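**Q** My structure is below; once you've seen it, I'll send some questions.
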Amino acid sequence: MHNAKCTCWNCPAIDLAGKVDFRACGQSGKQFDKTLDSTQETHIMAECKRRPELGLYDPMAITFQECPQWQETPYGYILKDMRVMILGIDGYLGWTLALWLGSLGCKVSGVDNYNRRNWVKERGAHTIVPISRMNQRLRAAKEILDIDIDFRQIDIYTQRERLKEFIDEVKPESIIHYAENPSPAFSMIDVEHAIEVQKNNVLGTLALLFTIRDTVPESALLKLGTMGEYGTPLTGRPLFEGIFPAEAILQWGGREWSLGGELTPRDPVSFYHVSKVQDTFNVYEACKYWWLRSFDIMQGVIFGVHTDQVAADPRLRTRLDIDEWFGTIINRFVAQAVIGIPLTLYGLGKQIRGFIALRDAMECMTRLICAPPEPGQYAVVNQISGIHSARQLAYTVAKIGREYFNLPVQIQRVENPRVEADEHPFEALYEKLPKRYGFKPKVTIDEEITRMFELFLTPEVKKRIEERKQVIMPKTWWSGVKKEVERLELLDLKGEIEEDERLRMFKVHR
Ligand code: USQ
């Protein structure tokens with residue numbers, strides 16, 4: 001188990017007692033383990049809220065493996081009935097994670113202000129996989145999976161007092177922050193939308209940090225960042241996991257310095273991505289000032305529809321968007337293939353990104369919930385399971401659509417409405433999740449695309465895609481121009497698919 005040797009120092013169930021030096025940040029536990037002696041003033045002691053009978057004790061003395069409160073699961077030891085609060089629980093990821101964690105025995109609570117439903121509605125779009133109202137979702141979770149979810153409708157920025165009361169009541173041991181606007185294109189529509197995204201994301205997160213400080217500072221915050229914070233440096237410099245490794249050196253003017261431990265450069269690619277960068281600094285500072293502990297999760301582009309829990313009943317399904325603002329590339333391509341729109345490659349289509357399937361993202365989150373950072377530690381992971389170009393993805397979708405579903409899929413290159421490099425080097429590191437937290441991807445891209453085709457071809461979903469055909473072709477230009485993109489060319493698929501076949505990393509498993 002990846003977290004067997006973690007100790008109470010990592011555990012959100014302890015209160016720290018003793019002389020805590022709030023000027024120190026992160027990894028500070030290591031300074032104290034050698035000097036543990038209750039007569040010394042610098043000594044930090046622990047008090048366990050779950051096992052008060054232990055009294056004051058050395059936080060390094062008990063490992064997760066030894067503690068009866070931490071129980072084995074396939075994803076690591078997890079606190080028995082761990083209290084997890086999901087902010088943004090009504091969204092694509094939030095709802096999926098709620099059911100996933102509920103099935104693992106966590107006590108799940110959550111808040112949402114239904115912004116996502118409203119934003120999508122405002123654009124004239126809708127989720128192609130129908131979702132129920134929250135009270136029906138909650139009833140179905142209880143009826144089908146026997147999961148009780150404690151839900152409140154709260155806006156984490158404008159209703160800070162309500163959130164505080166709820167957090168105070170629940171005392172979550174882990175807080176998952178998904179309550180942000182996830183759309184680069186939405187943030188580029190006009191000034192109102194740029195402000196809406198930055199206000200919602202940046203101020204919501206800032207307010208949350210103060211709320212955590214004042215209510216549950218020992219709780220672990222898992223905050224969703226994005227790989228797009230790093231941009232795609234044209235020098236080909238690797239995208240490290242948020243913080244430079246110890247061996248990284250800066251050479252300049254005949255001198256050199258270690259960069260180890262410093263935040264890596266950020267070069268965001270939309271006002272949405274800028275909001276995530278601002279969050280990074282706010283979370284980083286809060287860990288430093290108040291000894292909060294956080295994972296900043298640089299997630300790649302997500303795709304897919306499946307976990308065992310959401311597939312258990314139509315009422316448990318999570319939303320899936322395919323419009324130009326809220327649909328991500330693979331989800332959009334499969335929907336386009338299903339209704340006969342040639343797949344929309346923006347520009348050259350040689351943009352490269354990191355990707356992860358919905359199910360695998362849920363497993364990563366669980367593994368991180370199981371291994372809370374130390375007090376004061378701002379930890380970062382790159383959460384992706386593979387790297388692909390837009391073209392590769394279009395060929396994969398076209399090939400599966402043609403061969404397994406007999407659909408006449410075509411691919412078109414259209415003008416790129418974004419300001420982004422559409423041909424560039426890309427070397428993203430994603431070593432921490434596999435090496436430190438034991439994650440191995442379980443879902444191949446072909447397998448998940450196949451599942452999507454199966455679901456999207458059901459009459460109800462296909463009809464819902466048809467109904468929103470008009471929101472598929474992009475109209476939001478980063479430059480501010482107001483027009484729909486024009487087609488540049490239809491690709492000759494035959495030769496291209498064969499060429500692509502040599503590059504393929506995955507095979508269809510059916
Ligand atoms: N693209 C196409 N055709 C399409 C849609 C997209 O060629 O029809 C290209 C885009 O130009 C871009 C790439 O595919 O280069 C990815 O675009 P996307 O819309 O799938 O994803 P993106 O805009 O980057 O944003 C999504 C999520 C966001 C998350 C981000 C992770 O909406 O919340 O933060 O993926 S990352 O891209 O790693 O920053």
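The values are calculated or read from the model by the stated rules, or taken from the named source; none is laboratory data. In this text the structure is predicted, and so the values were computed from the model without any measurement. Cβ placement follows ideal geometry from the backbone for every residue including glycine, while neighbour counts extend to all protein chains displayed. Quick note on the areas: whole protein, heavy atoms, side chains included, nothing else; ligands and nucleic acids left out. Shrake-Rupley method; radii C 1.70, N 1.55, O 1.52, S 1.80 Å.
**Q** Two decimals is fine: what is log10 I(q)/I(0) at q = 0.10, 0.15, 0.18 Å⁻¹ for the stretch 94-251, from a Debye sum with one equal scatterer on every Cα and no solvent?
**A** -0.48, -0.99, -1.26
**Q** While we're here: Helix-only estimate, please: 222 nm mean residue ellipticity of the chain, summing -39500 (n - 2.57) across DSSP H runs of length 4 or more and dividing by its residues, to the nearest 500.
**A** -10000 deg cm²/dmol
**Q** May I ask you to order 161-168, 216-223, 129-136 by the average number of other C-beta atoms within 10 Å around their residues, highest value first?
**A** Per-residue Cβ counts within 10 Å, averaged per peptide and sorted highest first, yield 216-223, 161-168, 129-136.
**Q** Given +1 on the Cβ of Lys and Arg, -1 on the Cβ of Asp and Glu, and no further charges, what dipole in debye does the chain carry about its Cα centre, rounded to the nearest 20?
**A** My answer is approximately 780 debye.
**Q** Roll a 1.4 angstrom probe over the protein heavy atoms and tell me the percent of accessible area of the chain that is carbon or sulfur.
**A** Exposed carbon and sulfur together represent 51 percent of the surface.
**Q** With every protein chain kept in the model, how would you rank Lys442, Lys483, Lys399 by accessible area, 1.4 Å probe, largest at the top?
**A** From most accessible down to least: Lys442, Lys483, Lys399.
**Q** Moving on to the next point. Å³ per residue of the Cα convex hull, for the stretch 124-193?
**A** So the per-residue hull volume is 149 Å³.
**Q** Which of Ile154, Met82, Gly102 sits closest to the plus end of the dipole of the stretch 56-173, meaning its Cα is farthest towards the positive end, when Lys and Arg get +1 and Asp and Glu get -1 on the C-beta?
**A** The Cα lying farthest towards the positive end belongs to Ile154.
**Q** For all pairs of alpha-carbon atoms in the chain, what percent lies in each bin of width 20 Å, listed from the first bin to the last filled one?
**A** Reading the bins upward from 0: 22, 56, 20, 2.
**Q** Continuing with this model, one more query. What pairs in Lys276/Lys463; Lys80/Lys442; Lys107/Lys475; Lys121/Lys432 have C-alpha atoms more than 31 Å from each other?
**A** Lys276/Lys463; Lys107/Lys475; Lys121/Lys432
**Q** When the Cα centres of the stretch 376-409 and the stretch 132-185 are compared, how far apart do they sit, in Å?
**A** 30
**Q** Among 293-306, 446-459, how do they line up from the highest to the lowest mean number of other beta-carbon atoms within 10 Å?
**A** Ranked by mean Cβ neighbours within 10 Å, highest first: 293-306, 446-459.
**Q** What's the angle, to the nearest 10 degrees (0 to 90), between helix 271-290's Cα axis and the longest principal axis of the chain?
**A** That works out to roughly 10 degrees.
**Q** Restricting attention to the alpha-carbon atoms of the stretch 355-506, what are Rg (one decimal) and Dmax (integer), both in Å?
**A** Expressed in Å, the Cα Rg and Dmax of the stretch 355-506 come to 19.0, 56.
**Q** Label the stretch 353-428 by shape, choosing from rounded, prolate and oblate, from the square roots a ≥ b ≥ c of the eigenvalues of the Cα gyration tensor; if a/c is under 1.5 it is rounded, and otherwise prolate applies when a/b is larger than b/c, oblate when it is not.
**A** oblate
**Q** Now, a different point. Please report the base-10 log of the normalised intensity I(q)/I(0) for the stretch 277-356, using a Debye sum with one equal scatterer per alpha carbon and no solvent, at each q in 0.15, 0.17, 0.19, 0.20 (1/Å).
**A** Cα-only, vacuum Debye calculation for the stretch 277-356: -0.79, -0.89, -0.96, -0.99.
**Q** Relative contact order of the stretch 272-389: what whole-number percent is it, with Cα pairs under 8 angstrom and at least 6 residues apart?
**A** Contact order relative to length: 43 percent.
**Q** Highest first, please rank the peptides 423-433, 50-60 by the mean number of other Cβ atoms sitting within 10 Å of their residues.
**A** Going from most to least packed, we get 423-433, 50-60.
**Q** Follow-up. Considering only protein heavy atoms, what per residue accessible area in square angstrom results for the stretch 81-505 with a 1.4 angstrom probe?
**A** On a per-residue basis, the stretch 81-505 sits at 38 Å².
**Q** Between Gly327, Gly376, Trp291, whose Cα lies farthest towards the positive end of the dipole of the chain when Lys and Arg beta carbons carry +1 and Asp and Glu beta carbons carry -1, centred on the Cα centre?
**A** Going by the charge dipole, the pick is Gly327.
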